[in-house]
Amino acid sequence: MSAPGFWFLFAGYGVVWSLLALFLMHLGRRHRILERELRELEARLPRQPVP
Amino acid sequence: MSVHRRLAPFADRVLPWAASGAMFAALWSVFLYVPNERTMGPVQRIFYFHVNCWWAAYLGFFVAAGASGLYLWRGRSEHDWLARAAVEVGMLFCTIGLVTGPIWARPIWGTWWTWDPRLTMAVILWTIFSVYLVLRSSVRDDPEITRYAAVLAVVGVLDIPLIMISVRLWRGIHPSVISAPASKGGLEDPRMVVALLVTMVAFALLFAWLLWLRYEGLRLRDALHRVEDQMGEVAR
């Protein structure tokens, strides 16, 4: 492979994987927020007596 | 049994592995299977991911428009979650397509960007669905804003046919590789067609998996907010 072509190819695929990784991290962050909200909701629920 | 329940086992257990496997096959075909293109050299290999990113983006926006139309008609939350998830995933692929295009164009055209009709229409598409995401960025869903956004998705998708025909309609410089014969800039080697198809399957599976993850997130968030609202009413 010629050097300039290689670097553009590297940059192109670097962008693809970086943006995909950012999106997955964004999904992960939203998932953690959802988990935190769920824990807060659980804490607010009245505790049932254990039979 | 609802469609969601029927899909869940497949989407949770099979889809991530299928998408990952197909993506490895796509990378193998792009970097080890296809030969170098004669005039463009190695940089032409960006094409396989660039084109499929755009197809995944179009798929996302068409799904969003269809789901938005159903939401406007029947008012069911499931359609709104699907539309929103599809726009978010579509915008991911649209953004990748918009960034990888100039990286290919710089060594081939000698410039990063030109206001070619197809490129201009693509930027307009990105802008329309960016506005959709801005409208939907509030924590709680306002029904009126949800309806405005649904109308925007239905109208915005009409830009896609214009992007498809813009090369022939306005004679831009963007290549039309898929529809052109090999003698006029089309794919010159059958292995290139195979790599394009393998990559297309990989992107379709990746799209479906990301759409499912985002849809599930929106569904669970809505369920959580409903319980919170009910608890608030009971407390009062």
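Observations on the model:
- Flag for B:R140 being farther than 26 Å from A:V15 by Cα and assigned to a loop (DSSP other than H, G, I, E, B): yes
- Scanning region B:121-171 for residues that are small (G, A, S) and either over 21 Å from B:A57 (Cα atoms) or free of Cβ contacts under 8 Å to residues at least 24 places away in the same chain (or both) yields a count of 2.
- Region B:86-120, subset free of Cβ contacts under 8 Å to residues at least 12 places away in the same chain and of a type in the set (A, V, I, L, M, F, W, C), residue surrounded by the fewest Cβ atoms within 10 Å (Cβ to Cβ): B:W115
- Test set (1) at pLDDT 95 or above; (2) out of contact with any helix residue (DSSP H, G or I) (no Cβ under 9 Å at 6 or more places or on another chain) - B:V193 fails condition number: (1)
- Hits in region B:27-40 - residues which are within 11 Å of chain A (Cβ to nearest Cβ) and touching a residue at least 60 places away in the same chain (Cβ under 8 Å): B:V30, B:E37, B:M40
Results for (1) out of contact with any Lys or Arg (no Cβ under 9 Å at 6 or more places or on another chain); (2) away from chain A (no Cβ under 14 Å); (3) among the basic types (K, R); (4) over 22 Å from B:R171 (Cβ atoms), shown as yes or no for each residue.
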| position | (1), (2), (3), (4) |
| --- | --- |
| B:T95 | yes, no, no, yes |
| B:T127 | yes, yes, no, yes |
| B:L133 | no, no, no, yes |
| B:S137 | yes, no, no, yes |
| B:A150 | yes, yes, no, yes |
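The values are calculated or read from the model by the stated rules, or taken from the named source; none is laboratory data. Remember, predicted model here, so these are calculated numbers, not experimental data. Here the Cβ is made from the backbone with ideal geometry for all residues, glycine too, and neighbour counts use every protein chain on show.
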